[in-house]
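Each value in this text was obtained by applying a stated rule to the coordinates, not by laboratory testing. All values reported here derive from a predicted model rather than from experimental measurement. Using ideal geometry, Cβ is built from the backbone for each residue, glycine included, and neighbour counts are taken over all protein chains shown.
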Amino acid sequence: MRTYGATVTPSPSMNTEVGRRINAEFPGTTGSLGCAISEAVEAALSQEGYRYVLGSVLAQVLLHQSVIGLETKAALDKYGIKADMIIGCAGGGSNLGGLISPFAGEMLRGEADYDIIAVEPASCPSLTRGVYAYDFCDTGKVCPLAKMYTLGSSFIPSANHAGGLRYHGMSSIVSELYDQKILSARSVEQTSVFEAARTFARVEGILPAPESSHAIKVAIDEALKCKETGEEKNIVFGLTGTGYFDMVAYQKFNDGEMSDYIPTDEDLRKSIECLPKV
Amino acid sequence: MSEIPYKIYLEENEMPDKWYNVRADMKKKPAPILNPGTLKPVTLEELSGIFCEELAKQELDDTTAYFDIPEDIRNFYKMYRPSPLVRAYCLEKKLDTPAHIYYKFEGNNTSGSHKLNSAIAQAYYAKKQGLKGVTTETGAGQWGTALSMACSYFDLDCQVYMV
Ligand SMILES: Cc1ncc(COP(=O)(O)O)c(C=O)c1O
């Protein structure tokens, strides 16, 4: 990031009021995306000529990511392939939302049917175990409230989970499509995700990002089901990225030190209780 | 039907020139985002205090189905798009499955992920509005890297808070 001229501050920092407050309330905290969002928003609001930008969750981000789905559809159409299943990993929902948008559009218009699956980590299961309610998008409660499937903005996911799916909420578009049953959701455990990543890397020659590997895991599961039933389904999944930012996680996996932390109902109840009353 | 190659590549001129807004086709729309102070739906004016104006408009628009992708962004996309749709023949063989597996590979750019697709759009609108810079958060670093690259392309300052 610094090579491209950016400044990088570890969060929670002492640069912002939110950061100082969170450090005081939870000393030694490893932070969360929600908390870093609050810091970034505060930094934007306190400097002239600055705005905050977010890499997921928002409707505008899903819109830009629709280029993924539009290209996918064009490529499939070019060879006359009809997808049966479309699978994507879901953190804040931007790649999934972008990938499925044109296909979900066909379903909404009654033109076609697909089996769309969102895959999330068992350690941060917003869709499969969250509630559909208005919540803050960030820990510091400065961003607008969105109605979404959420674990509560005070939920801090287990630090042992790798990568970018550790977000308490979910895009309000993906949430509404899930509520309308246009898509379904599954949660998977981290170790099984890395096993799927290893299988994939060894035959396809790409080291997948841990996030993307959630989609790989379910794609492999579904392909193995087809082996039993003999069905020739067309399974399409989003390989959102490569794993070179997450070498520490791969190291842990290969050293046998990776664990699967699944929050208890009690953990979730605590953070869901703190939802704002709207 | 012709044989399906390992990688389906579109031509540059087959790249979409519009983004698609799925909300336009939803009969029941996602609930509006609310101002945390008043608990009323956020207005364009309020949202423009946090986001750049064009992006605030996109955020609130749930009826326009297609948005033109500005030419500067399309040209930037051409650095790494269209991305391949790969037929995972090798994985199918390994799993010994009759299923046909395809994946859309978004990792072939400096950020190693799909994040650049939105980073460049957000940087473009910030530049167009004459801003000095932007702030953001990042987890593993894909988004932060994507935004840093997009900002350097448009000569904007970029401040990243990293978990
Ligand atoms: C490679 C990769 N895939 C997926 C995600 C998840 O984000 P989203 O759900 O917004 O696509 C991230 C982001 O953190 C990522 O870096």
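Multiply the residue separation of A:Q47 and A:T128 by 0.36 nm, subtract the distance between their alpha-carbon atoms, and state the gained length in nm to one decimal.
Working: separation 81, 0.36 × 81 = 29.16 nm, distance 3.90 nm.
Taking 0.36 nm per residue and subtracting the Cα distance, the gain is 25.3 nm.
Which residue fluctuates most in the GNM of chain B (Cα springs below 10 Å): B:L95, B:L131, B:L147?
Largest GNM mean-square fluctuation: B:L95.
For the pair A:Q180/B:E71, report the inter-label distance in nm, with labels modelled 7 Å from Cα in the Cβ direction.
For A:Q180 paired with B:E71, the spin-label model returns 3.6 nm.
How high is the relative contact order of the range B:8-148, given as a whole-number percent (alpha carbon pairs under 8 Å, six or more residues apart)?
Values: 141 pairs, mean separation 33.5, N = 141.
Relative contact order for the range B:8-148 comes out at 24 percent.
Along the positive direction of the dipole of the protein assembly as shown (beta-carbon charges: Lys, Arg +1; Asp, Glu -1; about the Cα centre), which of A:T128, A:V193, A:T139 reaches farthest?
A:T139
Among DSSP bridges having both ends in the protein assembly as shown, what percentage is antiparallel? Round to the nearest 5.
On the way: 18 of 51 bridges.
Counting only bridges with both partners in the protein assembly as shown, antiparallel ones make up about 35 percent.
Using DSSP, restrict attention to beta bridges with both residues in the range B:41-163 and report what percent are antiparallel, rounded to the nearest 5.
Working: 3 of 9 bridges.
About 35 percent, rounded to the nearest 5.
Hey, in chain B, which Cys have no second cysteine's beta-carbon closer than 4.7 Å?
By the Cβ distance rule, which asks for a partner under 4.7 Å, the isolated cysteines are B:C52, B:C90.
Using the Cα centre as the reference, give the magnitude of the dipole from point charges on the C-beta atoms of the range A:216-278 (Lys, Arg: +1; Asp, Glu: -1; all else neutral), rounded to the nearest 20 debye. Each step should come with its number before you reach the end.
Working: 8 positive and 13 negative charges, 46 e Å.
It works out to roughly 220 debye.
Once you have the Cα-Cα distance between B:Y6 and B:T110, take 0.36 nm times their residue separation minus that, and quote the gain in nm to one decimal. Don't skip to the answer; put the middle values down first.
On the way: separation 104, 0.36 × 104 = 37.44 nm, distance 2.33 nm.
Extra length available between B:Y6 and B:T110 comes to 35.1 nm.
Filter the trypsin sites (Lys or Arg not before Pro) in the range B:75-139 to those in DSSP coil with at most 16 other Cβ atoms within 10 Å of their Cβ, and list the result. Before the final figure, lay out each step's value.
Values: sites: B:K78, B:R87, B:K93, B:K94, B:K104, B:K115, B:K127, B:K128, B:K132; in loops: B:K78, B:K115, B:K132.
Sparse-neighbourhood loop trypsin sites (Lys or Arg not before Pro): B:K78, B:K132.
For peptide A:42-49, compute the average count of partner chain beta-carbon atoms within 10 Å of each residue's beta-carbon. Can you show the working numbers first?
Working: counts 2, 8, 9, 3, 1, 5, 2, 9.
Going residue by residue through A:42-49 and averaging, the value is 5.
Once both labels are modelled 7 Å past Cα along the beta-carbon direction, what's the A:E257-A:E273 spacing in nm?
Label at A:E257, label at A:E273, 3.5 nm between them.
For chain A, give the magnitude of the charge dipole about the Cα centre (Cβ charges: +1 Lys/Arg, -1 Asp/Glu; no others), in debye to the nearest 20.
On the way: 24 positive and 34 negative charges, 78 e Å.
Dipole size: approximately 380 debye.
Once you place label points 7 Å from the Cα toward the Cβ at A:D77 and A:M247, how far apart are they in nm?
4.3
What residue among A:R20, A:R166, A:R202 shows peak mean-square fluctuation when chain A is described by a Gaussian network model with Cα springs under 10 Å?
Answer for the Gaussian network model of chain A: A:R202.
Once a ≥ b ≥ c are taken as the square roots of the eigenvalues of the Cα gyration tensor of the range B:15-66, is the result rounded (a/c under 1.5), prolate (a/b larger than b/c) or oblate (a/b not larger than b/c)?
Working: a/c = 3.74, a/b = 1.48, b/c = 2.53.
Note, shape of the range B:15-66 comes out oblate.
Have a look at A:G92, A:G105, A:G205 and tell me which one the Gaussian network model of chain A (Cα, springs below 10 Å) gives the largest fluctuation.
In the Gaussian network model the winner is A:G205.
Say R0 is 35 Å: what FRET efficiency, to the nearest 0.05, do A:E231 and B:K28 get from their beta-carbon distance? Mind dumping the intermediate values first?
Working: r = 32 Å, r/R0 = 0.93.
With R0 = 35 Å, the Cβ-Cβ based efficiency is 0.60.
Skipping prolines and chain starts, which residues have an amide H placed within reach, meaning under 5 Å, of the one on A:L183, given they are 5 or more residues away or on another chain?
A:Y178
Can you give the calculated 222 nm mean residue ellipticity of chain B, where each DSSP H run of n ≥ 4 adds -39,500 (n - 2.57) and the sum is split over every residue, rounded to the nearest 500 deg cm²/dmol?
Numbers: 6 runs with 51 residues, N = 163.
My calculation for chain B gives -8500 deg cm²/dmol from helical runs alone.
Mind listing the long-range amide H neighbours of A:M148? Cut-off is under 5 Å, sequence gap 5 or more, other chains count too, H placed in the peptide plane at 1.01 Å from N.
Answer set, sorted by chain and number: A:A133, A:Y134, A:D135.
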